[in-house]
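The values are calculated or read from the model by the stated rules, or taken from the named source; none is laboratory data. Remember, it's a predicted structure, so these values are computed and weren't measured experimentally. Accessible surface areas use protein heavy atoms only, side chains included; no ligands, DNA or RNA. Shrake-Rupley method; radii C 1.70, N 1.55, O 1.52, S 1.80 Å.
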Amino acid sequence: MDGTFWNILSLIGTVAFALSGAIVAMEEDFDILGIFVLGFMTAFGGGTIRNLLIGLPMSALWSQGIGFNVAFIAMLLLIFMPQLVTRHWEKAGLLTDAIGLAAFSIQGAIYAENLGQPLSAVIVAAVLTGTGGGVVRDVLAGRKPGILRSEIYAGWSILAAVLIHFHFIKGEIAYYLLVVIITALRVYGVKRNWHLPKAKWTKEM
């Protein structure tokens, strides 16, 4: 998965996640350092946790120099031209976030699968890579993690992991197709307000 197109998808996801973290930091009135920290943690936090759990070397993270640079530039634009960025973010935020979720989830699942990990580890790698940064962002910002209460999000990461582990999806072209499918499902799910079932706890008096 070293193709140029795959790298572009990863960069789109990196920018989307970095901006989402930076925007949350600005909403919570963080200072400049806090904005950059939360942005970088959102963009790269999931992959870092994944690497630690499944035994990938940390050098895999530090080799993403282009991703760091692009995320840094995007956050600079947000800080100095917030109106310009947020105006376009409202239109493109959902799509870029969906692309990032799909690309990172599939990337995480492939990493774990190539290491010969069981299904449980493949699922964890996909979910952490695709959604872990958002969880770190919400926790650091003092918010309830969105994947635990909002529309279907981590579910698409699990779907990608299952399809890859059981070889329903195999090969570079198939992986690209899966990116399109997961992205479309994420966007459509938000538009249609899809949610997983909830269970209510009621305490009898």
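On the chain, 66 percent of the accessible area sits on carbon and sulfur atoms, based on a 1.4 Å probe.
Calculated on the alpha-carbon coordinates, the convex hull of the range 1-142 measures out at 102 cubic angstrom per residue. Annotation: per residue accessible area for the range 73-155 equals 47 Å², rounded to a whole number [probe 1.4 Å, protein chains only]. Only helices enter the 222 nm calculation for the chain: every DSSP H run of n ≥ 4 contributes -39,500 (n - 2.57), and dividing by all residues gives -25500 deg cm²/dmol, rounded to 500.
Non-local lysine pairs in the chain, meaning eight or more places apart or on different chains, with alpha-carbon distances under 27 Å, amount to 7. Residues Leu76, Leu196 ordered from highest to lowest accessible area at a 1.4 Å probe: Leu196, Leu76. Translational diffusion of the range 9-60 was estimated from the Stokes-Einstein equation, with Rh taken as the Kirkwood radius over Cα pairs; at 20 °C and 1.002 mPa s the coefficient is 186 µm²/s. Counting only whole DSSP H helices of the chain, the ones at least 24 Å long by C-alpha along their axis and with mean Kyte-Doolittle hydropathy no lower than -1.0 are 4-27, 32-54, 82-114, 119-140, 172-191. Of Trp201, Trp6, Trp89, Trp156, the residue with the largest accessible area leads and the full order is Trp201, Trp89, Trp156, Trp6 (1.4 Å probe). Taking every alpha-carbon pair under 8 Å whose residues sit at least 6 apart, the chain reaches a relative contact order of 24 percent.
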